[in-house]
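Asker: This is the structure, below, for whatever I ask next.
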Amino acid sequence: MPRRLFITLEGGEGAGKSTNLDFIHQWLQHEGCDVVVTREPGGTELGEHIRDFLLHSKQLHIAPESEVLLMFAARTEHISKVIRPSLEAGKVVLCDRFTDATYAYQGGGRGLDADRIAAIENWVQGDLRPDLTLLFDVSVEAGRERAGQRSEPDRFERENNEFFRRVRETYIARATREPKRIRIIDASRPIEQVEQQIVSVLQEAVHGR
Ligand code: TMP
């Protein structure tokens, strides 16, 4: 029987996270997992309000400290109302972004000190960390081209390429430090090859092979 698992998806803009979320969800269900799909910021009533503000506020400049605290306010609510109860019920939680995004966007992108983020992470999460993180990686240019074909850019999507290069570098540095947990998926490949990479990582996490 598949065990309970906390799986997160990460990546820069246009890396194909959302497209692959459905594929991963279906694959896990097919393997007999009881899956809860959720996202950050969001996943609760308060979290979705915070998301709406952070992504769509007309106020483009919010102090990075306020931004990081709002991310963690949404996360605190999400952990206590959705993530912990689902894991305790033996479910698989599949979460579109989590704290690696805070290190990448507020740390790398906005320049906040990683030690400060770590202090809040420890306070808010205790020992809760994802069991597995799939990092969808694509060059900044290719990702932005894909994302640009979608709707009106949000507050983060308005940032420049330099911001997104720092985001990508931070994600990759984290994957290098934690290679067992953070698995890089080369999202520049054709969709079938991306799905093959996903399945091989999931097989290992769910069935231990
Ligand atoms: P997305 O999940 O639809 O890509 O949108 C969420 C946006 O929020 C994305 O631009 C990344 C950003 N974000 C942060 O800056 N910090 C965080 O901790 C999280 C979870 C998301």
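Asker: For residue 189, are the conditions met, namely being part of a loop (DSSP other than H, G, I, E, B), under 18 Å from residue 11 (Cβ atoms) and basic (Lys, Arg)?
Answerer: yes
Asker: Tell me whether the stretch 125-132 contains one or more residues that are touching an Asp or Glu at 6+ places or on another chain (Cβ under 6 Å) and open to solvent by 40 Å² or more (accessible area, probe 1.4 Å).
Answerer: No - not one qualifying residue is present in the stretch 125-132.
Asker: Of all residues in the stretch 175-196, count the ones that are closer than 16 Å to residue 7 by Cβ and of a type in the set (D, E, K, R).
Answerer: Count: 5.
Asker: While we're looking at this one, here's another question. Scan the stretch 14-39 for residues that are away from the ligand (no atom under 16 Å from the Cβ) and among the aliphatic types (A, V, I, L, M) and jot them down.
Answerer: 28, 35, 36
Asker: Out of all the residues in the stretch 10-30, is one or more open to solvent by 40 Å² or more (accessible area, probe 1.4 Å) and touching a Cys at 6+ places or on another chain (Cβ under 9 Å)?
Answerer: Taking every residue of the stretch 10-30 in turn, none turns out to be open to solvent by 40 Å² or more (accessible area, probe 1.4 Å) and touching a Cys at 6+ places or on another chain (Cβ under 9 Å).
Asker: Another question about this same structure. Within the stretch 65-85, track down each residue that is without any contact (Cβ under 8 Å) to a residue 40 or more places away in the chain, open to solvent by 30 Å² or more (accessible area, probe 1.4 Å) and closer than 16 Å to residue 48 by Cβ.
Answerer: 70, 73, 77, 80, 81
Asker: Among the residues of the stretch 95-103, are any of a type in the set (A, V, I, L, M), modelled with pLDDT under 95, within 14 Å of the ligand (Cβ to nearest atom) and open to solvent by less than 50 Å² (accessible area, probe 1.4 Å)?
Answerer: Within the stretch 95-103 (the criterion being of a type in the set (A, V, I, L, M), modelled with pLDDT under 95, within 14 Å of the ligand (Cβ to nearest atom) and open to solvent by less than 50 Å² (accessible area, probe 1.4 Å)), the answer is no, since none of the residues qualifies.
Asker: Still on this structure: List, please: which pairs have Cβ atoms under 7 Å, are six or more places apart or on different chains, and start with a residue in the stretch 173-184 that is farther than 14 Å from residue 198 by Cα and end with one that is surrounded by 14 or more Cβ atoms within 10 Å (Cβ to Cβ)?
Answerer: So the pair list comes out as 174/100; 174/103; 174/182; 175/135; 175/182; 175/184.
Here's the yes/no breakdown for (1) out of contact with any helix residue (DSSP H, G or I) (no Cβ under 7 Å at 6 or more places or on another chain); (2) at pLDDT 95 or above; (3) not hydroxyl-bearing (Ser, Thr, Tyr):
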{"site": "61", "(1), (2), (3)": "yes, no, yes"}
{"site": "74", "(1), (2), (3)": "no, yes, yes"}
{"site": "89", "(1), (2), (3)": "yes, yes, yes"}
{"site": "118", "(1), (2), (3)": "yes, yes, yes"}
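The values are calculated or read from the model by the stated rules, or taken from the named source; none is laboratory data. This is a predicted model, so every value here is computed, not measured. Neighbour counts are summed over all protein chains in view; Cβ atoms, including those assigned to glycine, are modelled from backbone coordinates with ideal geometry. Remember, those area values only see protein heavy atoms, side chains included, never the ligands or the DNA or RNA. Shrake-Rupley method; radii C 1.70, N 1.55, O 1.52, S 1.80 Å.
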